[in-house]
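Take a look at the structure set out below.
Read-outs: derived from the displayed coordinates by stated rules, not from any lab. None of these values were measured; they are calculated from a predicted model. Cβ coordinates were reconstructed from backbone atoms using ideal geometry, including for glycine residues, and neighbour counts include every protein chain displayed.
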Amino acid sequence: MNPEAVAQLARLAGHAAFFQALGVPEREHLPGLDESGFDSTQMKRLHQLIDARLGPIVAGLLREAMASDDVQAPAAADAYLDDRLGFLGDLLTAHQRAEIRRRFRAESASWR
C-alpha cells in the first residue's frame, strides 16, 4: 500500500473523518503506512467513508487540477484525474473511481 496515496486520501476526505473511520486516534501512526496495509474491517470503513465524502474528495481533486500549470483544458483535466485515480489504486473501489470520474468530468467539462 502506497503511504503517499493513503496520506493524499486522508487529506481529500478530511483528516479527522479519515482517522475516525479507521478507528485510529488522529496523529497516531496510520495503518497502511507500512507494508502490512489495512485490515478488512478498516478497508470496509474506508470505503464507507469515501462513499460518504465523495463530494469533498471530488472538490479537492478539482482544486488541485485547477492549480496545476499542466491542466489548461478538459482533456488535460481528464488526464490529471486518471493519474490521481491510478495513484490512489486499491484504496478506491471500481464504483468509487467511476463516480469520482463522472462528477469530476461534469465540473471540468466547461473549462476553457
Determine the gain in length on full extension of the stretch A17-A98; use 0.36 nm per residue of separation and subtract their C-alpha separation, reporting nm with one decimal. 26.9 nm
Which three lengths, in whole Å and largest first, does the stretch 3-108 cover when its Cα atoms are put on their principal axes? 40, 24, 22
Among S40, S68, S108, which comes first, then next, by fewest other beta-carbon atoms within 10 Å? S40, S68, S108
Mean separation of Cα contacts under 8 Å (at least 6 apart) over the residue count of the stretch 3-108, i.e. the relative contact order in percent, is 30 percent
Would you calculate a helix-derived [θ] at 222 nm for the chain, using -39,500 (n - 2.57) for each DSSP H run of n ≥ 4 and dividing by the full residue count, to the nearest 500? -21500 deg cm²/dmol
Contour excess over end-to-end distance, with Cα ends at A76 and R63 and 0.36 nm allotted per residue: 3.3 nm
Multiplying the sequence separation of D90 and A7 by 0.36 nm and subtracting their Cα-Cα distance, what value in nm do you get? 28.5 nm
So how tilted is helix 54-67 from the main axis of the chain? Cα-based, degrees 0 to 90, rounded to 10. 50 degrees
Measure nothing fancy, just the Cα-based angle from helix 40-52's long axis to the longest principal axis of the chain, in degrees from 0 to 90, nearest 10. 40 degrees
Ranked on Cβ counts within 10 Å of their own Cβ, fewest leading, M66, M1 go M66, M1
Roughly how tilted is helix 94-108, in degrees to the nearest 10 and between 0 and 90, from the longest Cα axis of the chain? 40 degrees
Quick one: what are the phi-derived ³J(HN,Hα) couplings along the stretch 69-86, Karplus 6.51/-1.76/1.60 with θ = phi - 60°, whole Hz, x for glycine and proline? 5, 7, 9, 10, 8, x, 5, 5, 5, 4, 5, 4, 4, 4, 5, 5, 5, x
Between R63, R11, R53, find the one with the highest GNM mean-square fluctuation for the chain; connect C-alpha pairs within less than 10 Å. R63
If you plug each phi of the stretch 4-9 into the Karplus form 6.51 cos²θ - 1.76 cosθ + 1.60 with θ = phi - 60°, what whole-Hz ³J(HN,Hα) values come out, in order, with x for Gly and Pro? 5, 5, 4, 5, 5, 5
For the stretch 3-108, size of Cβ-based charge dipole, Lys and Arg +1, Asp and Glu -1, in debye: 460 debye
